[in-house]
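Written out below as structure tokens is the structure these notes cover.
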Amino acid sequence: MKPHLLFADDDFRPEDPLPPGTETLGEDLGLAALLDAMGGGDGHLRAVATAVTLHPLTEPSAITYRQAVLSDCLDHREVVEQIHELAEAAVAEEKKVWGVFTNVPSGRLHRAVGVLALFTAHLHRLRAIADANTGRFSSEGLRQLVATLQSELSDEYLEGMERHLQLLRFRSGVLSSAGLGLGAKAGDWRVHLSTQPAINWWQRLRLWWRRSDALRIVVRPGDDDLVAELRGQAINEVAAALSEAMEHVLSFFSSLRFELGFYLAAANLHDRLVGLGQPTCLPTPAPGTSTVLQARDLYDPGLLLRSGGTVVGNDLDADGTSLVLVTGANQGGKSTFLRAMGVAQVMMRAGLFAAARSFSAPVARGVFTHYEREETSKAGLGKLEEELARMSQVVDWLTPGSLVLLNESFSSTNEAEGAAIASGLIEALVESGVRVACVTHSFELADHFARSGRDDVAFLRAERREDGTRTYRMLPGAPAPTSHGEDLYRRIFGRALADDARRGPPG
Amino acid sequence: MSGVPMGSASVLFPSPPSPATEIDPPTVPSSFTDLDFDQIVKAVVAGHDEYRLRPYFGLPLESVDAVVYRQEVFAALDGTPLTETMDNFSDRMRSVRAMLTLAEEMRHRYQRRCWLLTAAATYVGAVTGLLGELEQAPVTARALVGWRERLARYVGSEAFETLRQDMTEARGAIARVRYTLLFYARVIRVRRFEGETDYGEEIASFFARFQQRGGTDHHLEMSGRPTMNRLEQQVLDRVVALFPDAFGALDRFCEAHPVWLDQLVVRFDREIQFYLAYLEVVRSLRASGLPVCYPVLTSSKDEAVHSTYDLALALRRLAQSEEAGGPGAVVTNDYRLSGPERILVVTGPNQGGKTTFARAFGQLHWLAALGCPVPGVHARLFLADKVLSHFGLGENLADMRGRLEDDLVRVRETLEQASSGSVVVLNEIFSSTTLRDATVLSRSVLADLSALDALGVCVTFVDELASFDHKTVSMVAGVDAADPTVRTFKLERRPADGRAYAVVLAERYGLSHDRVKERLAR
């Protein structure tokens, strides 16, 4: 009995290792703002959102399964919140049941009986919610959950549960059996009920009590501890079984809380983005082998959340390409656009909506980033070596069908060398079936691809008006030789570059 | 055991030395500590204390045949399922000993007898299991074939068969005992079990629908003490009364078989540990990428060794790496002696790996003479009658004699013990005197060694010695060609060349076009 709201027929495993490079990916794409918005101030919700978002899906069918549940949750939020609250309450109440002497079997059994008695009430209520919402949902995930609750938590089952909890208080003594273990010590203990179901428990004991083939031990004064210890061994097995049952019921409530929590977190994010006047859409996940790549009004939700103001959406028509190469003015929105592409892929792979009016792309096998770093991290390595080491690490992780985002890679060396390293690398990646999105101010690098005659490259350029102002729009277009750093310099310094400086490095 | 003559009763010696030698071996020469061989032995026998293996490491073998006798066993166990067979056997024999000790401590007659029964069952299982697996295994090692024959004879004997039958019968009877207890108020009632159903199982299956992934084991660890308290003994008394047949069978077994451990089995259990203990070390060396090989031993003094290293140093690094993570690099070295060549003269910078090499050279010959696999990819070695050493002295010498005098006295002693069949390791001799003295004295010592025709290595700061005569070979501890302050710890007949630092940085990181395609094609 499992919620199965995140996978059609599997559990979500938060403890599974994250894909390599996840931490870097999160930093480079600014995912923290997104996850904060999903948490909405609730630490647990944020943790849930983080775990699910960072454990990506790679199958389109798995993505559409979650998208359907997400739509249901947005449509019937009050029901989903009701179940989530109930699961949360069950988890919280278990923590409040104190156990005395839980280091001995009798204490442990006692606590398990107490907790399960509490859970019985929650299970009754859960069943009632399911009954009240039969037929309400349209997604496979939530329909299945309602059906499961109704069939597994039948009246008969819940009654049986209460009956067992009564018997386990052992009001009429403990009947148990053992064999001879090592050194004749009692071992392989079992607890028993009647073998004759026609007679009830109490009658059976009375009969048994009077049998003459039993040998008696009358406990000596002062031996009570010894009796307690032996009795503890006798019921250890059943105490363990019941504790395990308790843990499983608790874990069911936890899973329910966790899985619904993800959709409530998604709803939080949805509220924020829509509240700020931006569009969202359920993306169309294409198989990994497809080369469809289309977006309308694609924006970076992290930037929107951080700035709280307006953002510029961009369109992308890049069907049939494997490399998106963005060039153009500094401060022109190139990095933001690259981030928007990456975030859209991350959100799609989590089963979330995308921050765009529409978005369709192949589901990447993995998403990796290689960004220019301000700080040199590893002692003893030069900046270029540090970049190369990181890139080599990324290549170790890459598989065909992955997406890699390069932001001004190898700009720590001179342009000619940087372009030589990057162009060979990018060509090798694309030829190996890796999709690449690359932002560069290196005309050398961009021009290399512009003149290569390849038809699998989409060129975009950050727009800059005649007067030098930036629109933050990416327009299709081959790279232009002039860098716009000059504009920036003029604006910040209030004067033009000197002629000497302009000649700059050759190339 | 009589009749057809069989091979040696020992899996260590084709013809065993006298028992006295084995227990109290001749005192080991000072080279044992000079070469850090004591550290190696310590690491090998660690965790095998109860077998007293140390003496075996002080008894070098005197014939190539005796060495091969052991190498055969090593090879049979090295990385084969037979190791597991032997480990299993040892584990069971260890349990047997523990149980016999425990039985002695039991107060209740039937507790004691139950332990004796379990010990006997474990022993019978160990012996028959070992024989069964040896019969399945493709064993050709002479020592193991001989042992298999002896063991088969023992297992086929009437005494063993009776032991097995009586044990099996008593075990079956005891295993069938199952009793029921009712705890109610201050009375416990004990009765024979009558097939009542398991309520714990019923609970588990009732709640099974909530089964989630994972979960913890909720069984509480019950008291592990093997003895019984008053109440448990009272219960046992009643159980004995309820099951007279089962406990009768137990009594019959114990009275018929007061003693059953066979001395040959006990001896094998100890001797085989020599191999198992050493192979444990071999495994951990290989796991961290260090080569180990079976040396080819000859009576010729042509030697060729590829990629050897100081085993004591490697084991220290391994031990450290378990704490620190990532084993420190161990540098390997090659050397060759051919034709008239007998003595490696090692010179080079301080801390350049010279002494380490000298130790490795000595260890190689010690280990080879014990029949053990040695550090390296390949080794052809001379079987030495002795491994002798003379190491420069530390600062804490009691200055009874002058240092130089002491050096000279000990060198003379060393040379007196040496024969043409010996290996001599001289490390930093005469380092406490002037260059002129050292040169003259060292030349004289080398002349003696050369005349003896012994094999040896001589670490010295006197460069002149490197070209002493046709029997000496010069080895130099290397430095980095680009940065002479960096030691390579490689000893070579010729120093290596430098390298170029170029713009092939990307290539070095595997990021050239072709390398990236290769890497992604995996």
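The values are calculated or read from the model by the stated rules, or taken from the named source; none is laboratory data. Quantities reported herein were computed from a predicted structural model and do not represent experimental measurements. Reconstructed Cβ throughout: ideal geometry from the backbone, glycine too, with neighbour counts over all protein chains shown.
Within segment B:174-189, the set of residues being outside any loop (DSSP other than H, G, I, E, B) and either more than 7 Å from every other protein chain (Cβ to nearest Cβ) or touching a Phe, Trp or Tyr at 6+ places or on another chain (Cβ under 7 Å) (or both) comprises B:Ala175, B:Arg178, B:Tyr179, B:Thr180, B:Leu182. Among the residues of segment A:108-138, just one is within 28 Å of A:Tyr263 (Cβ to Cβ), in contact (Cβ under 8 Å) with a residue 24 or more places away in the chain and among the small types (Gly, Ala, Ser), namely A:Ser138. Of all residues in segment A:423-445, those satisfying the criterion of being at pLDDT 90 or above and more than 10 Å from chain B (Cβ to nearest Cβ) are A:Val430, A:Arg435, A:Val436, A:Ala437, A:Cys438, A:Val439.
Kindly check whether there is at least one residue in segment B:64-82 that is within 14 Å of another protein chain (Cβ to nearest Cβ) and part of a helix (DSSP H, G or I). No: zero hits. Output yes when any residue across segment B:401-419 is outside any helix (DSSP H, G or I), at pLDDT 85 or above and touching a Gly at 6+ places or on another chain (Cβ under 9 Å), and no when none is. Among the residues of segment B:401-419, at least one is outside any helix (DSSP H, G or I), at pLDDT 85 or above and touching a Gly at 6+ places or on another chain (Cβ under 9 Å), which makes the answer yes.
Which of the following residues is farther than 30 Å from A:Ser251 by Cβ and either exposed (fewer than 15 other Cβ atoms within 10 Å of the Cβ) or within 7 Å of chain A (Cβ to nearest Cβ) (or both): B:Arg192, B:Arg171, B:Arg209?
Details: B:Arg171 fails: either exposed (fewer than 15 other Cβ atoms within 10 Å of the Cβ) or within 7 Å of chain A (Cβ to nearest Cβ) (or both); B:Arg209 fails: farther than 30 Å from A:Ser251 by Cβ.
Only one candidate passes the filter, namely B:Arg192.
Out of curiosity, is A:Ala147 over 30 Å from B:Arg112 (Cβ atoms) and either more than 10 Å from chain B (Cβ to nearest Cβ) or modelled with pLDDT of 90 or more (or both)? The answer is yes for A:Ala147. Is there a residue being surrounded by 13 or more Cβ atoms within 10 Å (Cβ to Cβ), within 14 Å of another protein chain (Cβ to nearest Cβ) and among the acidic types (Asp, Glu) anywhere in segment B:261-268? Within segment B:261-268, not a single residue is surrounded by 13 or more Cβ atoms within 10 Å (Cβ to Cβ), within 14 Å of another protein chain (Cβ to nearest Cβ) and among the acidic types (Asp, Glu). Selection of segment A:1-36 for residues being farther than 21 Å from A:Leu338 by Cα and of a type in the set (A, V, I, L, M) yields A:Met1, A:Leu5, A:Leu6, A:Ala8, A:Leu18.
The condition of being over 26 Å from B:Val423 (Cα atoms), touching a His at 6+ places or on another chain (Cβ under 9 Å) and in a helix (DSSP H, G or I) holds for only one of B:Glu255, B:Glu280, B:Glu271, that being B:Glu280.
Working only within segment A:69-107, note down all residues that are farther than 21 Å from A:Leu149 by Cα, touching a Gly at 6+ places or on another chain (Cβ under 7 Å) and in contact (Cβ under 8 Å) with a residue 24 or more places away in the chain. Selection gives A:Val104, A:Pro105, A:Ser106. Scan segment A:1-27 for residues that are of a type in the set (D, E, K, R) and surrounded by 21 or more Cβ atoms within 10 Å (Cβ to Cβ) and jot them down. Hit for segment A:1-27 is A:Lys2, nothing else.
Which one of these is over 28 Å from B:Ala159 (Cα atoms), among the acidic types (Asp, Glu) and within 16 Å of the chain's Cα centre (by Cα): B:Asp49, B:Asp87, B:Asp91? Step through it out loud before you land on a result.
Numbers: B:Asp87 fails: over 28 Å from B:Ala159 (Cα atoms); B:Asp91 fails: over 28 Å from B:Ala159 (Cα atoms).
Answer to the check: B:Asp49.
Residue count for segment A:163-179 under the criterion of being without any contact (Cβ under 8 Å) to a residue 12 or more places away in the chain and facing chain B (nearest Cβ under 9 Å): the result is 2. Residues that are on the phi > 0 side of the Ramachandran plot and surrounded by 21 or more Cβ atoms within 10 Å (Cβ to Cβ) within segment B:34-66 comprise just one, B:Asp36. Would it be correct to say that A:Ala462 is over 18 Å from A:Glu417 (Cα atoms), crowded, with 21+ Cβ neighbours inside 10 Å, at pLDDT 90 or above and away from chain B (no Cβ under 14 Å)? When the stated conditions are applied, A:Ala462 does not pass them. Facing another protein chain (nearest Cβ under 9 Å), more than 48 Å from the chain's Cα centre (by Cα), more than 30 Å from A:Met1 (Cα to Cα) and at pLDDT below 90, is that true of A:Trp202? Spelling it out, it is not the case that A:Trp202 is facing another protein chain (nearest Cβ under 9 Å), more than 48 Å from the chain's Cα centre (by Cα), more than 30 Å from A:Met1 (Cα to Cα) and at pLDDT below 90. Selection over segment B:207-236 of residues that are under 16 Å from A:Lys2 (Cα atoms) and at pLDDT 85 or above gives a count of 4.
If you take the residues of segment B:180-217 that are free of Cβ contacts under 8 Å to residues at least 12 places away in the same chain and of a type in the set (A, V, I, L, M), which of them is farthest from A:Met161 (Cα to Cα)?
Taking segment B:180-217 as the starting set, the residues that turn out to be free of Cβ contacts under 8 Å to residues at least 12 places away in the same chain are B:182-187, B:189, B:195, B:197-217.
This time we only want the ones that are of a type in the set (A, V, I, L, M), so: B:182, B:185, B:187, B:203-204, B:208.
Details: B:Leu182: 25, B:Ala185: 27, B:Val187: 31, B:Ile203: 9, B:Ala204: 12, B:Ala208: 12 Å.
Only one residue tops the list, namely B:Val187.
Only one entry of B:Ala173, B:Ala137, B:Ala120, B:Ala126 meets the criterion of being at pLDDT below 95 and not basic (Lys, Arg), and that entry is B:Ala137. Among the residues making up segment A:14-31, those that are on the phi < 0 side of the Ramachandran plot and in contact (Cβ under 8 Å) with a residue 24 or more places away in the chain are A:Pro14, A:Asp16, A:Leu18, A:Pro19, A:Pro20, A:Thr22, A:Thr24, A:Leu25, A:Gly26, A:Asp28, A:Leu29, A:Leu31.
This table checks each residue for (1) surrounded by 20 or more Cβ atoms within 10 Å (Cβ to Cβ); (2) within 14 Å of another protein chain (Cβ to nearest Cβ); (3) modelled with pLDDT under 90; (4) within 30 Å of A:Gly277 (Cα to Cα).
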| residue | (1), (2), (3), (4) |
| --- | --- |
| A:Ala355 | yes, no, no, yes |
| A:Lys383 | no, yes, yes, no |
| A:Glu386 | no, yes, yes, no |
| A:Met391 | yes, yes, no, no |
| A:Ser409 | yes, yes, yes, no |
| A:Ile421 | yes, yes, yes, no |
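From the list B:Arg70, B:Arg113, the lone residue that is buried (at least 21 other Cβ atoms within 10 Å of the Cβ), over 18 Å from B:His257 (Cβ atoms) and in the same structural domain as B:Asp38 (by TED's automatic domain parsing) is B:Arg70. Under the condition of being at positive phi and touching a helix residue (DSSP H, G or I) at 6+ places or on another chain (Cβ under 8 Å), the residues counted in segment B:163-212 number 0.
Which one of these does B:Ala447 not meet: (1) small (Gly, Ala, Ser); (2) at pLDDT 80 or above; (3) not in a helix (DSSP H, G or I)? Condition (3) is where B:Ala447 drops out.
Within segment B:284-304, the set of residues being farther than 19 Å from B:Ala75 by Cβ and surrounded by 17 or more Cβ atoms within 10 Å (Cβ to Cβ) comprises B:Lys301, B:Glu303.
In segment B:274-285, the residues that are among the acidic types (Asp, Glu) reach residues that are assigned to a helix (DSSP H, G or I) and buried (at least 21 other Cβ atoms within 10 Å of the Cβ) with C-beta atoms within less than 8 angstrom, at least six apart or across chains, in these pairs: B:Glu280/B:Val44.
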